[in-house]
Amino acid sequence: MTITAPTASTSTFAVHDPATTEVIARVADGTAVEARAAVDAAAAAFPSWAATAPRVRAEVLRRAYELIVADTEHLAALIHSENGKSLDDARAEVAYAAEFFRWFSEEAVRTEGSYGESPAGGTRTIVTHRPVGVAALVTPWNFPAAMATRKIAPALAAGCTVVLKPAAETPLTALAIAELLREAGVPDGVVGVVPTTSPAEVVSTWLTDDRVRKVSFTGSTGVGKVLLKQAADRVLNSSMELGGNAPFVVTADADVEAAVAGALIAKFRNAGQACTAANRFFVHEDVADVFVARFGEAVETLQVAPLISAKAVDGVTALVDEAVDAGARVTHLGATGSDGWFYPATLLVDVRPDMRIAREEIFGPVVSLITWRDEATMLAQANDSEFGLAAYVYAGRLQDALRIAEALDAGMVGVNRGVVSDPSTPFGGVKQSGIGREGAREGIREYQETQYFSVSWS
């Protein structure tokens, strides 16, 4: 099929099913022309949308939540086809994506501010918040629904209008969500979607447009640095959710069965193609053998979803091959598909912290296991990374788990659980894993500016 986005472009690009490599759709390929047109529409719609009562915006977002939930099977099928994840995982993503509209429909009406007397007397200070303006949103392919709604929902709740560039690998879900937003009552121009195979052209057009007042990007740290340099030319309000290399710590007294169950989720969700995926497993040597045996048994029963592209498979293969050449051992392998871009679930032991596979984001279904005895040494190794997005700790005593969690350089830590994402929590990292937070109360603040009035009281 051919999908036509709002564009004057006559060229199209192919969208592939990673499980079969077959072309499932062709999508109109946006250029700088469409990028400018989207900003034209968003800038024209901004004054009216910003002036819309918070309750009205909230009701629109609530209807969007209900429409997405009602359309779960269709959206899950799109995600399954263009991203490759299983239908069960796709349905879970749709539920997670929808929840951002419900959460921020509730946040939209919580218009915080303050009023007080100045310390010197004679004046009153009123502090309020207002929408930043037109926001440029750039989302990745690994969660094509949730990454879009996690940005769109708070922006609309704050009163911003948005232009969105979804990943070229997965544009269909974003276009479907945009249509549901229209059905929910979002006015024309408030949300514009520009699929493209020329992301630098489209995004640069937005970042150099004076009408764009905000950029929010989720993706690799490398691309994030490029965008931050461009944003610096205009001192553009920026939010960056970038790469990760999450450590997964298992202590000597941890519940090994629970740790294995959590590890399966933290590592293999979406075949490890998640910025929060656990990559480096630091397992205490007293429980390493039993952990490897139990976890390995589970790995051998898995057939994970395909990776997004042949290039992704080549990248994971190179990391594993290099690690094995350097002394690591593959102890357990899962099954793999035969037609698409698959890589088997893999358990590597005898990994050293200095190996490339322990220092780079794998973005694939590979576990790199490192044993430890001394806690201080383990923490130093876990924190020896440019990334600081997520981490996981399994320990028998809660006070031990919290002590280790507080010592880890990570914006989010799962304590005795393998999941950290929730719309009600501030998602984001430290160091080169990003700037700003998404979700929670902090999420709407990313799309607001603070203003105050100093009022004479004489």
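Annotations for the structure displayed:
- Residues within region 106-139 that are in a strand (DSSP E or B) and either charged (D, E, K, R) or touching a residue at least 60 places away in the same chain (Cβ under 8 Å) (or both), tallied: 15
- Residue in region 272-281 that is crowded, with 21+ Cβ neighbours inside 10 Å, aromatic (Phe, Trp, Tyr) and touching a Pro at 6+ places or on another chain (Cβ under 6 Å) present: no
- Matching residues, region 285-300, being outside any helix (DSSP H, G or I) and open to solvent by less than 90 Å² (accessible area, probe 1.4 Å): Glu285, Val287
- Close pairs (9 angstrom Cβ cut-off, 6 or more residues apart or separate chains): among the basic types (Lys, Arg) in region 373-394, open to solvent by 10 Å² or more (accessible area, probe 1.4 Å) and not in a helix (DSSP H, G or I) anywhere: Arg373/Ala252; Arg373/His284; Arg373/Glu285; Arg373/Asp286
- Filtered residue count, region 195-220, keeping only those that are under 19 Å from the mean Cα position of the chain (by Cα) and either acidic (Asp, Glu) or open to solvent by less than 30 Å² (accessible area, probe 1.4 Å) (or both): 8
- Looking across region 27-38, the residues that are surrounded by fewer than 23 Cβ atoms within 10 Å (Cβ to Cβ) and not small (Gly, Ala, Ser) come down to Asp29, Thr31, Val33, Arg36.
- Taking the listed residues Glu93, Glu73, the one that is at pLDDT 95 or above, open to solvent by less than 50 Å² (accessible area, probe 1.4 Å) and either in contact with a helix residue (DSSP H, G or I) (Cβ under 9 Å, 6 or more places away or on another chain) or part of a helix (DSSP H, G or I) (or both) is Glu93, with no other qualifying.
- The lone exception for Thr197 - which of (1) out of contact with any Phe, Trp or Tyr (no Cβ under 9 Å at 6 or more places or on another chain); (2) β-branched (Val, Ile, Thr); (3) within 29 Å of Ala14 (Cβ to Cβ); (4) not in a helix (DSSP H, G or I) it fails: (1)
- Among the residues listed as Thr317, Thr336, the single one being of a type in the set (S, T, N, Q), surrounded by fewer than 18 Cβ atoms within 10 Å (Cβ to Cβ), more than 25 Å from Ala382 (Cβ to Cβ) and modelled with pLDDT of 95 or more: Thr317
- The residues of region 76-90 that are open to solvent by less than 40 Å² (accessible area, probe 1.4 Å) and over 21 Å from Glu183 (Cα atoms), listed by number, are Ser81, Glu82, Asn83, Gly84, Lys85, Ala90.
- Boolean, Glu169 is closer than 30 Å to His74 by Cα, out of contact with any Phe, Trp or Tyr (no Cβ under 9 Å at 6 or more places or on another chain), open to solvent by 10 Å² or more (accessible area, probe 1.4 Å) and outside any strand (DSSP E or B): no
- Any chance Gly334 is touching a Pro at 6+ places or on another chain (Cβ under 7 Å) and either closer than 23 Å to Ala390 by Cα or not hydroxyl-bearing (Ser, Thr, Tyr) (or both): yes
The values are calculated or read from the model by the stated rules, or taken from the named source; none is laboratory data. As the structure is a prediction and not an experimental result, all values here were calculated from the model. Note that we place each Cβ from the backbone using ideal geometry, even for glycine, and neighbour counts take in every protein chain shown. These accessible areas exclude ligands, DNA and RNA; they are computed on the full protein's heavy atoms, side chains included. Shrake-Rupley method; radii C 1.70, N 1.55, O 1.52, S 1.80 Å.
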